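A short worksheet on the structure shown next.
Bear in mind these aren't lab numbers, they're just calculated from the coordinates by the rules spelled out. As the structure is a prediction and not an experimental result, all values here were calculated from the model. Reconstructed Cβ throughout: ideal geometry from the backbone, glycine too, with neighbour counts over all protein chains shown.
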Amino acid sequence: MAVPQQRRRGAPALSSCDPADHAYASRTQCTLRVNCPRGARPQEAKLDAAQALLDKLRGDAQPSNTQMDLIEGMLPRELFPQYLAILTEKVENDPYPSTALLERLERLSKS
């Protein structure tokens, strides 16, 4: 049974997900702050979030290092080849790719 959650005035509402469906810090608060459908599991939510970030990365002409660091920190193994392909495509399509992007691609291709 879910315990009603209290929040500060003006604070963002927590997700409507059942805390039992997610990893959480306490029994009364779900740590996911996105609205995911009832019954969604943490792995599915993580996969959806990672896919959304990859889609955004694909559309960014010059993605930030911060953005790519965040993606790498949460990227499930099954999406790693897709991430590597996106970075490779960026290098191929840019006449002067950044040194940071080239170094990142080199580092990731060795792992």
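Label-to-label distance for Leu105 and Ser64 is 2.3 nm, based on points extended 7 Å past Cα in the beta-carbon direction. Under 13 Å from the Cβ of Asp60, count the other residues' Cβ atoms, weight Lys and Arg +1, Asp and Glu -1, and hand me the total. That sum, taken over residues with Cβ under 13 Å, equals 0. Within the shell defined by Cβ-Cβ distances under 13 Å, the residues around Leu84 carry a net charge of +1, with Lys and Arg each +1 and Asp and Glu each -1.
Which lysines, on any chain, are close to Lys46 with Cα under 17 Å apart, when same-chain ones fewer than 8 places away are left out? Partners found: Lys56.
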